[in-house]
1. Once you have the Cα-Cα distance between N63 and E107, take 0.36 nm times their residue separation minus that, and quote the gain in nm to one decimal.
2. Estimate the FRET efficiency between K92 and N50 by the formula 1/(1 + (r/R0)^6), using the beta-carbon distance for r and 22 Å for R0, to the nearest 0.05.
3. Among the aspartates and glutamates, select those whose C-alpha is under 13 Å from the C-alpha of K76, and discard any that sit fewer than 8 residues away in the same chain.
4. Put a dot 7 Å past each Cα toward the Cβ at K164 and E12; how far apart are the dots in nm?
5. Taking the solvent-accessible surface of protein heavy atoms with a 1.4 Å probe, what is the per residue accessible area of region 30-132 in Å²?
6. Could you list which residues have their amide H under 5 Å from that of V8, counting only those 5 or more apart in sequence or on another chain, with H placed in the peptide plane?
7. Residue separation times 0.36 nm, minus the C-alpha to C-alpha distance between N152 and A135: what's the value?
8. Relative contact order (percent) for region 22-93, with alpha-carbon contacts under 8 angstrom and 6 or more residues of separation?
Amino acid sequence: MDKCIPVVVIKELSETDKILSALKKSGINCAEITFRTACAAEAIAYAVKNYPDMNVGAGTVINAEQCEAALAAGAKFIVSPGLSVAVAKICKERNIPYYPGCVTPTEIMQALELGITIVKFFPANVYGGLKAMKALVAPFPQIKFIPTGGVNRENIDEFLAWEKIYAVGGSFFVDEALKC
């Protein structure tokens with residue numbers, strides 16, 4: 001499960017243990033805690049402190065302010081639905097991995113100019129999935145992808161079989177872990 005990045009939405013801090021424990025029990029030692037809720041930074045800080053062996057990052061980071069809050073909380077990586085130059089610069093200065101959402105040649109070129117070679121492909125199911133990513137690799141062979149949005153148990157193996165997939169992301173990892 002090394003190539004899995006669960007997208008974790010924590011609505012209340014009290015949910016953190018339940019979700020992260022379930023992920024660990026399922027063999028997943030990574031969590032992208034999204035900045036979609038008021039307690040996101042607090043949840044990241046709690047997770048980093050109480051689950052030190054997990055790779056805990058921040059997702060849905062859309063601006064420099066959120067990035068600073070996530071890094072102050074201890075996030076080990078940053079994920080955005082799109083590409084933010086301000087977030088990219090902060091992450092580069094602090095040597096923190098940044099995975100911006102990039103689905104067009106222009107966005108990928110901008111990521112490359114910022115020194116980024118691993119991009120989130122979101123929403124993968126809307127923007128053509130594996131077929132689109134394979135077409136994009138022709139002019140950008142140095143790029144690797146993290147498809148998110150539309151990745152599920154039925155198609156995950158197809159994504160993971162391709163060498164240009166760095167990891168796959170999705171909330172379905174959390175849903176499955178909580179069922180166990």
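1. 14.2 nm
2. For R0 = 22 Å, the calculated efficiency reads 0.15.
3. Output for K76: E32, D53, E68.
4. 4.5 nm
5. 45 Å²
6. Those lying under 5 Å, H to H, from V8 are E32, I33, T34.
7. Length gained, N152 through A135: 4.0 nm.
8. Taking the mean separation of contacting Cα pairs over the length of region 22-93, I get 29 percent.
The values are calculated or read from the model by the stated rules, or taken from the named source; none is laboratory data. Values in this document were obtained by computation on a predicted structure and should not be read as measured data. Neighbour counts run over all protein chains shown; Cβ positions are idealised from the backbone, glycine included. Quick note on the areas: whole protein, heavy atoms, side chains included, nothing else; ligands and nucleic acids left out. Shrake-Rupley method; radii C 1.70, N 1.55, O 1.52, S 1.80 Å.
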